[in-house]
1. Please count how many residues of segment 34-56 are over 16 Å from Leu69 (Cβ atoms) and touching a residue at least 40 places away in the same chain (Cβ under 8 Å).
2. Only one residue in Ala77, Ala83, Ala65 is touching a helix residue (DSSP H, G or I) at 6+ places or on another chain (Cβ under 8 Å) and either within 20 Å of Asp31 (Cα to Cα) or not in a helix (DSSP H, G or I) (or both), so which one is that?
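Read-outs throughout are calculated quantities, based only on the coordinates presented, and are distinct from any laboratory measurement. A quick note: this is a predicted structure, and the numbers were derived from the prediction, not measured. Here the Cβ positions follow ideal geometry from the backbone for every residue, glycine too, while neighbour counts run over all protein chains shown.
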Amino acid sequence: MTGSQAKPTAPSSPAPPAANGLWGTLKQLLDRLLVVNVFLVIGAALWFVLAVVLEGQGRGGPLQAFQSLWEPLIMPALGLLMAAALLSGILGWWQRREQP
């Protein structure tokens, strides 16, 4: 290969829409919300396990507190986590479907 011959390069792909402007900011905020949500769900699961163990020892306070937060906090967090997982799967499938 001589110096005058250039290697063919792959066409550059356009920047994803999330990389610029308002879309990028919204995506970052959504990503942060989902990360916080995952840790909230993990914390709630650990709290539930601990509360069940304490309930078996006759201490029902943590389980009652968990139950009081179930509807207003934990169920929506679980729903958001499931919806995000489904949406991520659907978008991944859609992107793979469009590529040859």
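1. 2
2. So the residue among Ala77, Ala83, Ala65 that is touching a helix residue (DSSP H, G or I) at 6+ places or on another chain (Cβ under 8 Å) and either within 20 Å of Asp31 (Cα to Cα) or not in a helix (DSSP H, G or I) (or both) is Ala77.
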